[in-house]
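A short write-up of the structure that comes next.
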Amino acid sequence: MINKRYISYLLSAILIIFCIQSTFADDYIDKINIQTYGSGQQVIYELNVGSYTKEGTFKAAQEKLLELKKTGVDIVWLMPIYPRGGGINSPYAAVDFTAVNPSYGTINDLKNYVAAAHKLGMKVWLDWVPNHMATNATWVSTHPEYFTQVNGRMVHPNNYGDVYQLNYYNSDLVNAMNDCLKFWIDQTDVDGFRCDYISSPTIPVSYWQNTIPMLKNYKNGKSITMLGEADMSDKATLLQAGFDYDYAWGFQETNLQNNFGAKGVYATALKTYASNFLNKSYTMGAGRMVYLTNHDQNYNYNKKTLTQKYGQNKYLLTVLTYTLYGMPMIYNGEETGGDQSLNYFLDTKIDWTVSDPKMLNTLRTLAAIKHTQVALHDGKTEADNPKVDFLTTSDGNKYILAYKRSSGSSEVVVVLNTSTSEQTVNIPGINGDYSLWLNSNTIANGVSRKGYSFGGSLNINVPAKGYLVFVKGAYTDETINTRIDPIIADQESISANDCYYNLQGMVISKPQEGIFIYKGRKYIMH
């Protein structure tokens, strides 16, 4: 055995690479997701620059933008990109709000990243930290009046010893913070901000009422979107602040995680929780971001991965979050199955050698449905969010949760099997032509689409912990892409760069072992 050397897997003269559908040959889902979509049809991705690639830079992340786009991402929310201080290396302890973390690159690198995203029809939002700054922030020495002080001492909010509380009752601080927000629009052309801890009792709602309209009208022809980190359904005062989206904290943390985690899911209770969430959301007057995990959930709260939180329910609950209400969010690396706990203080790298085709293809397909079906539209007003109609099932919603959303000619029907065994279900009230876009029984092998005609009811088998998503209308059938593309050994048509790929066609870090693809050749590392 030759140690640590690349060994050709097949004779180079007859090398054949089996290109599974993702990177090497566009399928019908790719062709949908690569288009540009507007407000109400979008999917957002929370990305930590330092952990997203092995290099941890804007430049390296830029190289993967097309991959994100094909996954169905329309908006990239960059976790804080500022220089870190305070002693524990938290990205939420900024030293300077008009600089970038030097390990990530330069402001010009960020500008190039945003420009590349725009060329793909994607938007970029920055994570904004309005409540506090690092204890060694530049302003601590140059503008101590910008910070809240009690008896001459600066205050640590929530006993966070690495940061000091900013003082929004100082007009100069308000102006300075607003200048920093405008700086990023001017310098990098970003499209919005995810605002941290907007429920802080020390930030007056009046601040947001003034700042948000100012940002939205700051530059002609420039649209700025604002996401607030708070569940505004429980904080009515924040509904007057002007945010476009809030966090659906209550739905994810209180309901899904605590009641429908790895211990089990039952359709009747899930329907009740979903109904309560919908009733709160319809009348809020703000859009909602929905998700299964984020940086706090993944690392701060007991460092639990998706499987640790939800078990095999993670797949059907992903379908729920994409189709029930609001704008869905994917967390850093979730498309690999979400089974890494990422320490964002240390920028732990995502292990891209791990793949979960079932999760990836489920996410891609759900994004394509979100992109093409008005029935899944989201927005700030009740009229922007087509209602959810829960459907009667033959098992009385014991194990099967089924619902549909409709808007004009657009209709999406979702069937979720919460049990650990296959279920045969009959659902009345389904009539006409439909296309099955998402089938949990086959999705791990690739995306497909199959036409059905129902004469008043839907009668079908649903796999254990399975899910089916139908789109109303007649669409061309699409089979799972099993095409084999022969690549002659001396060709480099797959990749003319230095990227490494796994057998699912995903870009990975340089392998230390196993089978991989590099510059048109398949190799095995011993």
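The calculated FRET efficiency for the pair residue 179 and residue 276, based on their C-beta separation and a Förster distance of 51 Å, comes to about 0.75.
Among the trypsin sites (Lys or Arg not before Pro) in the range 302-364, which ones are in a DSSP loop with at most 15 other Cβ atoms within 10 Å of the Cβ? Mind listing them? Provide the component values of the computation, followed by the final result.
Working: sites: 303, 304, 309, 314, 349, 358, 364; in loops: 303, 304, 349.
Those satisfying the criteria are 303.
Report the semi-axes of the equivalent ellipsoid for the range 205-306 in whole Å, largest first, where each axis is √(5λ) for an eigenvalue λ of the Cα gyration tensor. Each step should come with its number before you reach the end.
Details: eigenvalues 186, 54, 24 Å².
Equivalent ellipsoid semi-axes, largest first: 30, 16, 11 Å.
For residue 54, a cut-off of 18 angstrom between C-alpha atoms picks up these lysines, skipping any fewer than 8 places away in its own chain: 64, 349, 510. Taking label positions 7 Å along the Cα-Cβ direction at both residue 216 and residue 358, the computed distance is 4.3 nm, reported to one decimal. Remark on residue 77: its backbone amide H falls under 5 Å from those of 45, 46, 47, 125, a criterion applied only to residues 5 or more positions apart or on other chains, H modelled at 1.01 Å from N.
Computed over the chain, relative contact order equals 18 percent, with contacts defined as Cα pairs under 8 Å that lie 6+ residues apart.
With both partners inside the chain, how many of the DSSP beta bridges are antiparallel, as a percent to the nearest 5? Beta bridges within the chain, antiparallel portion: roughly 70 percent. With θ taken as phi - 60° and the Karplus curve 6.51 cos²θ - 1.76 cosθ + 1.60 applied, the whole-hertz 3J(HN,Hα) list for the range 276-283 is 4, 4, 5, 4, 5, 6, 4, 9 Hz, x standing for glycine and proline. Rounded to the nearest 20 debye, the dipole magnitude of the chain is 720 debye, with +1 charges on Lys and Arg beta carbons, -1 on Asp and Glu beta carbons, and the Cα centre as origin.
Can you tell me the relative contact order of the range 169-240? Whole percent, Cα pairs under 8 Å, sequence separation 6 or more.
Rounded, it is 39 percent for the range 169-240.
Normalised by the number of residues in the range 109-264, the average gap of Cα pairs under 8 Å and 6 or more apart makes the relative contact order 21 percent. This model, with +1 at the C-beta of Lys and Arg and -1 at the C-beta of Asp and Glu, gives the range 114-214 a dipole about its Cα centre of some 140 debye.
Within 10 Å, count the other beta carbons around each residue, average over each peptide in 66-76, 219-229, 320-330, 159-169, and list them highest first. Walk me through the numbers before you get to the answer.
Numbers: 66-76: 22.4, 219-229: 16.4, 320-330: 24.8, 159-169: 18.2.
Top to bottom by mean Cβ count within 10 Å: 320-330, 66-76, 159-169, 219-229.
Pairs exceeding 26 Å between alpha-carbon atoms, taken from 222/280; 358/472; 219/380; 314/398: 222/280. Length gained on full extension, residue 236 to residue 202, computed as 0.36 nm times the residue gap minus the Cα-Cα distance: 10.6 nm.
For the range 331-339, putting each phi into the Karplus relation 6.51 cos²θ - 1.76 cosθ + 1.60 with θ = phi - 60° gives couplings of 8, 1, x, 4, 5, 8, x, x, 9 Hz, in residue order, rounded to whole numbers and with x for Gly and Pro.
Simple spin-label estimate for residue 120 and residue 450 gives 3.2 nm between the two label positions (7 Å along the Cα-to-Cβ direction from each Cα). At full extension, residue 96 and residue 156 could sit 19.8 nm farther apart than now, given 0.36 nm per residue minus the alpha carbon distance.
In this simple spin-label approximation, residue 59 and residue 302 carry label points 7 Å from Cα along the Cα→Cβ vector, and these lie 4.3 nm apart.
Give me the percent of accessible area attributable to carbon and sulfur for the chain, probe 1.4 angstrom. Please list the in-between numbers first.
Working: 10070 of 20540 Å².
Its accessible area is 49 percent carbon and sulfur atoms.
Across the range 386-395, computed HN-Hα scalar couplings (Karplus, 6.51 cos²θ - 1.76 cosθ + 1.60, θ = phi - 60°) run x, 5, 9, 10, 6, 9, 6, 10, 5, 9 Hz from first to last residue, x flagging Gly and Pro.
Please compute the net charge surrounding residue 131, taking Lys and Arg as +1 and Asp and Glu as -1 over other residues with Cβ under 14 Å from its Cβ.
Details: positive: 194; negative: 127, 162, 196, 229.
For residues surrounding residue 131, the net value is -3.
Counting 0.36 nm for each residue step from residue 422 to residue 384 and taking away their Cα separation leaves a gain of 10.1 nm. Roughly how many Å² is the accessible area per residue of the chain, as a whole number, for a 1.4 Å probe? Heavy-atom SASA per residue in the chain reads 39 Å².
The values are calculated or read from the model by the stated rules, or taken from the named source; none is laboratory data. Bear in mind that the values here come from a model prediction, so they are computed numbers and not experimental data. Quick reminder, even Gly has a Cβ in these numbers, built from the backbone with ideal geometry, and neighbours come from all protein chains shown. For the accessible areas, the whole protein counts, side chains as well, though only heavy atoms, and no ligand, DNA or RNA atoms are used. Shrake-Rupley method; radii C 1.70, N 1.55, O 1.52, S 1.80 Å.
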